[in-house]
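The numbers here are math on the coordinates, done by the rules we state, and not lab data. As the structure is a prediction and not an experimental result, all values here were calculated from the model. Don't worry about glycine lacking a Cβ; one is built from the backbone with ideal geometry, like all the others, and counts go over all protein chains shown.
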Amino acid sequence: MLTAASSRSPVPIVNVKMTNGLLLRSFFERDPDAVARDLIGVDLVIHTEVHEVRARIVETEAYGASDDPASHAFRGSTPRCAVMFGPAGFLYVYRSYGIHWCMNVVTGQEGTASAVLLRAAAIVPSAGEAARADTHSPNLRGPGNLTRGLGITGADNGTDCCEEPTARVSFREVHGHVGTDRIGRSQRIGISRGQERLSRYFLEGHPAVSLNRSRST
């Protein structure tokens, strides 16, 4: 549960969804911590020419701009992170240490350059498969496994996730969305700067989550 306070308090979702559950650009035009928290329990939908894949998001991390030394935008715009300075709701995909792709979604107002890293998700069975609980669904644990399992690469950098109905990648709210009492919060993982920020959010107890405990220090 949320056990640690932060000066960057998330705000409730207000008027940010279409009736079909698609998250509108207004959802992403908010503080990255608010978006990171509210993406827990949301379905990430990947559209291909032949099928649709859904993965329920269970772990995220928020990254700011000039106020966040761990952010790629900390020192200003570069060719690598230019998409972060554009409108919210676009994917920012980069290769980490030359090994695997990391998928982020841009947040805040244009020019602010904040984003949310998608760290883990669980594949949602299609309608033709037997119903399974989230804890038994195939898990995509860690940013590299997430992009690998969903086929996300650098070619998806700059994808508009709010373009309906043709978006290759979109975000859709699930009926019975996860309550805040099930969302943990802690410091971010695997970074050397900005470690004090409580900007990692996760579905408590889910096996795909990297670290299943809230912490303040």
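Taking 1.567 mPa s as the viscosity and 4 °C as the temperature, the Stokes-Einstein diffusion coefficient of the stretch 25-203 based on its alpha-carbon Kirkwood radius rounds to 80 µm²/s. Each of Phe90, Phe85, Phe202 was scored by other Cβ atoms within 10 Å of its Cβ. Listed from fewest to most, they are Phe85, Phe90, Phe202. Using the Cβ-Cβ distance between Leu211 and His100 with R0 set to 22 Å, the FRET efficiency from 1/(1 + (r/R0)^6) comes to roughly 0.70.
Computed extension length for Arg75-Arg148: 23.4 nm, one decimal, from 0.36 nm per residue of separation with the Cα-Cα distance subtracted.
With contacts taken as Cα pairs under 8 Å and at least 6 residues apart, the stretch 25-203 reaches a relative contact order of 28 percent.
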